[in-house]
Every structure is written in C-alpha cells, then in structure tokens.
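To start, the structure itself, in structure tokens.
The values are calculated or read from the model by the stated rules, or taken from the named source; none is laboratory data. The model shown is predicted, which means the values in this text are computed figures rather than measured ones. FYI the Cβ positions are ideal-geometry reconstructions off the backbone, even for glycines, and counts take in every protein chain you see. Side chains are part of the model used for accessible areas, which takes the heavy atoms of the whole protein and leaves out ligands, DNA and RNA. Shrake-Rupley method; radii C 1.70, N 1.55, O 1.52, S 1.80 Å.
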Amino acid sequence: MKKLLLFVLVLAINLNAFQTENEHPPLSESTKKAIAIYKQNPNETNKNALLNTLNKSYESVILRKEQKLNSYIAQRDKTIQKWLNSVKFGKDLPFMKLDNSNNKEREKIKNAISQYQKNPKNEAILKEALSDYYDAFLNEQQIHIKQTKELKDERIKQSLEYFTSKNFNPKRQILGQNSTSLNDALAEIIASFICSGAEILPVNPELRVAERSFNANINALKKTYDENRTNKEALKNELEKAYKKLYSYRLNAISNAINRGEAGANLLFNKMQNSEFLNENFAELKSQRNLYGRIDRLICFGTNTANSDFHPRFKELSNELAKNFTKTNFTRLYQKVLLEQNAHINAINLNELVQKNLDELTK
C-alpha cells in the first residue's frame, strides 16, 4: 500500500485545489496542431512530424515532474514544520481524514499524534513520523518519474497509433473549441466539490490506482477488438467494472456532501472567493482526461465537460453569482446544485451508459 502514497500527498502540500496533479495533462497546442495536419493529409512526413511533437511533449511532462519533485524537496522542512504546528494548535491534517489502516506512515502519524496529545514532550516522535511520511512521498515521486521515463517509447507508440487511427475523431475528442467561460461554470465547480464529498481532500488514492488499472485494461481490450473483433464481451465486462467502481465512490461522496450540509457549503464559499482556486478548478473541469476519467465525468456531470458541446447547468445563476458573490446567492446556487447532483446520481442507468460507451468504442 506504500505505492498509494504518491496519490495522497500532493494535495496535502497544496490546499488551494481539490485535485492532485493531473496524471493526464491536456494536449499541448503544438500536439493538437500536428494531429490536425496529419488528419488533413495523412502521409509519412506528417506522421513523423507528429511523432517528433509527441516526443517533445513527453519530455516536457518529465521535466515538469522533475521540477515539481525539486520543489517538494526544497519545501520539505517547511512543510513538516507546518504540519507539526497544525497538530500543536489542535488542527486536523487533511490527509489524515483518509483511511489509515492500510498505510503504515499515516498510521504512525496517528499514533504519534495520540502520544503527543497525552504528553507534549513526545514532539520528537511526532516530527519523526511526519518526516517519514514526507520522505516516503519523495521516494514514490522518484520511482514514478523513473517509471515514466522507462515507459516513454511504449506510451508514445500507443499515442501515435491512437491519433493516427481511422477511429480517432479530433474534432470530437480533442480539438473542438469549448466556449464556456468561468462565470458560466460556477455551478459545475460546485458540482465537482459535491462529487468529492464536500471536502477539500486529496482524491481517493485507491481510486487513482483503479484509474490506472482500468484504463490500461480497457485500452488493451479495445486494441485487441480493433485487430480481430473477437472480445467485445470482455471489453463490456471491463467497462461495467469501471462504471460500478466510480458510481459507488461518487454515490457515497454525494451522500457525504449532503451530511456535511452547511459546513461543506461554508468551506467552498470561502475558497471560491480566491480567483486562483477558481481558475485552477475551471481549468481542471475543461481539461481532457483518459477514458476512465471521461467515465467519471459522465457519472458526475452527465457529460464530458471538456467537449465542445458541453453546456453547463445553472448557467444563469452562475453568472448572477459571479456578478454579485454574496453568501445568499452562493447558498441558493449551492443548494440547487446539491439537489441536482443527488437526483442525477440516483437516476443514472449504468447499463445504458455501459452499452453506449461500448458502442462508441466498437463502432
């Protein structure tokens, strides 16, 4: 379970967003352009140009990950001291709200906090536990970067095959222009918060592990289907597993949001007054995701919010809130979105969604 730590700590360090660093960043403009050129004129010259662009983009991803790791290393002592001070003043550490039973570092922190609360002289034990947690995270980041480098050739090959295949529609899948503005989408940012349980926490680490596993399995089965058309049932079964996993998680999260009530609303009201927070979460809402991420969006929002045909709900009320960000206007919209999300999640027909997704993948 130590490997799960990679997905947990990123947000605990940066509390301005309720998403971790995107494992599947949106395509660069240069990549979109290279894809469009190839689709207009699919020859070897344009294919090689696309390959070169994919290589450069991948190297940029690795560089950003290395820069991010270096910033975490530089922040190490400061962050550990910040956590220590939080415990001293009786504040909760956000990552401790996750289940600690399968993570030895968080379990060690839990025990150290208990010892410190009984006797402040045990501060050294608490600091050691927090340090171990942070160092385990740094180690996981280093392993992740190493694996990213090792998988470069394989992933670029898969991307090239995908973007140059006959089944890939760039206008529908990546190149369509979404004219939605931030002011139009305030209700959807609220919906995203509600789908996360009305808590600003790291994403569920087990869900991120499931994301990688399901996405790899579904893509592998789709590739086999494209080659010989013999495993449609296996592909459908894997889609069903993915939908059921995500549906269960989001259903529970919305139930938690309802139980959180006013406390959850107040938390988001304070956060949404920060423009950086709004811009980060709006960018996340509109960014492209992998197949598993798109399944999650269908469950949370009823549509893929990155597509050009995305029409945000409660657009008029969102713009009213943007013009006059008062507690009254916010509460009115929050309550409407909460009711809408609960009705939406309970009305979902998973069989229909799975079948529609299967038809799209096998057409």
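Worth a mention:
- Leu221 meets the conditions (1) in a helix (DSSP H, G or I); (2) in contact (Cβ under 8 Å) with a residue 60 or more places away in the chain in every case but one. The failed one is (2).
- Listed by first and then second residue, the pairs with beta-carbon distance under 6 Å, at least 6 apart or on different chains, first residue in segment 135-159 and closer than 20 Å to Ser71 by Cβ, second in a helix (DSSP H, G or I) and open to solvent by 20 Å² or more (accessible area, probe 1.4 Å), are Ile145/Lys65.
- Residue in segment 254-270 that is crowded, with 17+ Cβ neighbours inside 10 Å, more than 30 Å from Thr331 (Cα to Cα) and not basic (Lys, Arg) present: no
- Residue list for segment 160-181, restricted to those being within 24 Å of Thr224 (Cα to Cα), modelled with pLDDT under 85 and not charged (D, E, K, R): Tyr162, Ser165, Asn167, Phe168, Asn169, Pro170, Gln173, Ile174
- One residue from Lys110, Lys146 being part of a helix (DSSP H, G or I), open to solvent by 90 Å² or more (accessible area, probe 1.4 Å) and closer than 21 Å to Ile200 by Cα: Lys110
- Residue within segment 289-298 that is touching a residue at least 12 places away in the same chain (Cβ under 8 Å), of a type in the set (A, V, I, L, M) and open to solvent by 40 Å² or more (accessible area, probe 1.4 Å) present: yes
- Put simply, of Glu227, Glu233 the only residue that is loosely packed, with under 15 Cβ neighbours inside 10 Å, of a type in the set (D, E, K, R) and more than 21 Å from Leu350 (Cα to Cα) is Glu227.
- Of everything listed in (1) outside any loop (DSSP other than H, G, I, E, B); (2) at pLDDT 90 or above; (3) surrounded by fewer than 18 Cβ atoms within 10 Å (Cβ to Cβ), the single unmet condition for Gln273 is (1).
- Any hit, segment 317-333, residues being modelled with pLDDT of 90 or more, loosely packed, with under 14 Cβ neighbours inside 10 Å, assigned to a loop (DSSP other than H, G, I, E, B) and not polar (S, T, N, Q): yes
- Selection of segment 65-87 for residues being in contact (Cβ under 8 Å) with a residue 12 or more places away in the chain and open to solvent by 30 Å² or more (accessible area, probe 1.4 Å) yields Glu66, Lys68, Ile73, Gln75, Arg76.
- Answer residue from segment 236-252, given it is polar (S, T, N, Q) and open to solvent by less than 80 Å² (accessible area, probe 1.4 Å) and is nearest to Asn346 (Cα to Cα) among those: Ser248
- Members of segment 40-51 found to be in a helix (DSSP H, G or I), touching a residue at least 12 places away in the same chain (Cβ under 8 Å) and out of contact with any Leu (no Cβ under 9 Å at 6 or more places or on another chain), listed by number: Asn46, Ala49
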